[in-house]
Amino acid sequence: MDPVVPSSTSPDWSDEHLLRAPHGGYQRLLADAPVSWSSALQAWVVVSDRLVRELLVDARLSAQGPMAFMAMLPPEEAERLAELREFYGHWMVFSDPPLHTALRGRVLPDWAPSRTACHRPLVEAAVADAVRPLVGRECDAVEELARPLANAIICAILRIPASDAALVAGWAADIIRFIVTPRPLVELGHAALASVRQLRGYALERVAEADHPLHAVLDLGPTAVTATFAQFLTGGSDPLSAALAGTVDVMAGFPEQWRRVDTGEVTVAGTVAEILRYTCPFTLAPRIALADIEVGGRRIAAGSSVLLLLSAANRDGARFPQVDELSLGHPSSGQHLTFGRGAHYCLGANLTRLVLEEFVGHLTGVVEVERTGPAQWLPAFGLRAPAVLPVRLRARTRPTDPGRSPLVPAPRAPTGPPAHGGRGAAPGGPCLRPTEDPEPGGFV
Ligand code: HEM
């Protein structure tokens, strides 16, 4: 086994070029250093599919990774931002039992497959409304399509009226911006705190509505309500927007693959699975070792920060032979770790698949996507998303069905049985609030 002395084989994650294009470094890390110490991040970085998969379900790792991130603040700033630390500490994704169990248990039924399926008409209309004005012209697929579409869907589900959407999006941006840098930046922390304070009253008011999908957390108090509301807002719309923009990006980048969707050679569900593997918007799951552990021959001391790189694991040739290429319909696509695994498996996975299925189905019938300029990527750490994506959505001139108008989506190929329990309906009707809904099969 390697000595405890940390190595510095990990790349410089504070390098802006690397933040914009992290995939470039993955193959070398996978081959030479599946577990490495990063001095820039003050964390162990794990990249291999096998190790990431194992550690996601290892109870010796705590999900309170951002606490280690905030501990990097100078002590007097940590003190001034204590309320912010308390707030992030109540995010479901950054909590351990018993808080995690209490939060997740309360909202799970409302995000189960049968409840999610009830959002399909809303999603279908939102997709059509977002695409329609862009057909036939050049646009920025991030600003004009992916972001407004993701926001519209998440706001509708969280009952945020359109008139409040911009205000709430501003708070959400401050709250997420602070935690997507490799090291905490004090001024971003204060901006985040100011927005958390503004969001609190708003979230409490919304969640107090008896049929709000987060209503069940109300009894856990204002911090839990604000944190949960913020997590569903940011943890929902940011990666959803990134996945939608990523879909447009791959449509433009791999036209020959896309023709296979068109002809029905690959199913919409298979297409979405591979888009999720390839785009992987949340690139990592942050953890803290609760005990001394050995990982891939390295000793990780209790208290160390550990970053599980989901997006690197998704490009590990040991599981995904297609690695850096988009390979629609590949049998291994559905094994991606884009939604994590185990106790923290993404609660929005069903909704995300539903949105992407509608989006892929709709775009395939209506447009061909053509790049009109280079894509630019956000220099964010932990979130991989295009910042600018110039494309032209060309109306189809040659509809697959001669009787069909180019603005009517193609009938979707059968999606087959959903990989994670997808669209099942609860007994007693899909849109009734279920008393007991099985956890989706993908939760392990
Ligand atoms: C492409 C879209 C999405 C991606 C890539 C994604 C990714 C993830 C990942 C990787 C985790 C686990 C993190 C960890 O283990 O540390 C997670 C958790 C979570 N996600 Fe998502 N997510 C997406 C969309 C959504 C949406 C739309 C929502 C809700 C509106 C959502 C809500 C959540 C929640 C509440 C958790 C925490 C679950 C827990 O800790 O028990 N996500 N997501």
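The values are calculated or read from the model by the stated rules, or taken from the named source; none is laboratory data. Not measured: the values here are computed from a predicted model. Cβ sites come from the backbone with ideal geometry, for glycine too, and all protein chains shown count toward neighbours.
Side notes on the structure shown:
- Count of segment 350-360 residues which are within 11 Å of the ligand (Cβ to nearest atom) and touching a Leu at 6+ places or on another chain (Cβ under 9 Å): 5
One line per residue, one yes/no per condition, for (1) in contact (Cβ under 8 Å) with a residue 40 or more places away in the chain; (2) under 23 Å from His119 (Cα atoms); (3) more than 16 Å from the ligand (Cβ to nearest atom):
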position	(1), (2), (3)
Ser333	yes, no, no
Gly342	yes, no, no
His362	yes, yes, yes
Val388	yes, no, yes
Val391	yes, no, yes
Arg394	yes, no, yes
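- If only residues of segment 269-294 that are in contact (Cβ under 8 Å) with a residue 40 or more places away in the chain and away from the ligand (no atom under 16 Å from the Cβ) are counted, the one that is nearest to the chain's Cα centre (by Cα) is Gly270.
- With respect to the conditions (1) under 30 Å from Leu218 (Cβ atoms); (2) touching a helix residue (DSSP H, G or I) at 6+ places or on another chain (Cβ under 9 Å), Cys118 lacks only one, and its number is (2).
- Pairs, first farther than 13 Å from Val35 by Cβ and free of Cβ contacts under 8 Å to residues at least 12 places away in the same chain in segment 45-61, second basic (Lys, Arg) and crowded, with 22+ Cβ neighbours inside 10 Å, C-beta under 9 Å, six or more apart: none
- Only residues that are away from the ligand (no atom under 16 Å from the Cβ) and surrounded by 24 or more Cβ atoms within 10 Å (Cβ to Cβ) were counted across segment 299-315, and they come to 1.
- Scanning segment 119-147 for residues that are buried (at least 18 other Cβ atoms within 10 Å of the Cβ) and within 15 Å of the ligand (Cβ to nearest atom) yields His119, Val123, Ala126, Val127, Val142, Ala146, Arg147.
Conditions (1) surrounded by 17 or more Cβ atoms within 10 Å (Cβ to Cβ); (2) within 16 Å of the ligand (Cβ to nearest atom); (3) closer than 30 Å to Ala126 by Cβ; (4) at pLDDT 95 or above, marked per residue:
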site: Leu158; (1), (2), (3), (4): yes, yes, yes, yes
site: Asp164; (1), (2), (3), (4): no, no, yes, yes
site: Ala169; (1), (2), (3), (4): yes, yes, yes, no
site: Ile176; (1), (2), (3), (4): yes, yes, yes, no
site: Ile179; (1), (2), (3), (4): yes, yes, yes, no
site: Ala192; (1), (2), (3), (4): yes, no, yes, yes
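- Helices (runs of 4 or more DSSP H) contained entirely in segment 208-312, each with at least 2 residues that are of a type in the set (Lys, Arg) and out of contact with any Phe, Trp or Tyr (no Cβ under 8 Å at 6 or more places or on another chain): 255-262
- Per-region count, segment 86-111, residues in a loop (DSSP other than H, G, I, E, B) and out of contact with any strand residue (DSSP E or B) (no Cβ under 7 Å at 6 or more places or on another chain): 5
- Boolean, Glu83 is free of Cβ contacts under 8 Å to residues at least 40 places away in the same chain, farther than 20 Å from Phe232 by Cβ and either more than 13 Å from the ligand (Cβ to nearest atom) or not in a helix (DSSP H, G or I) (or both): no
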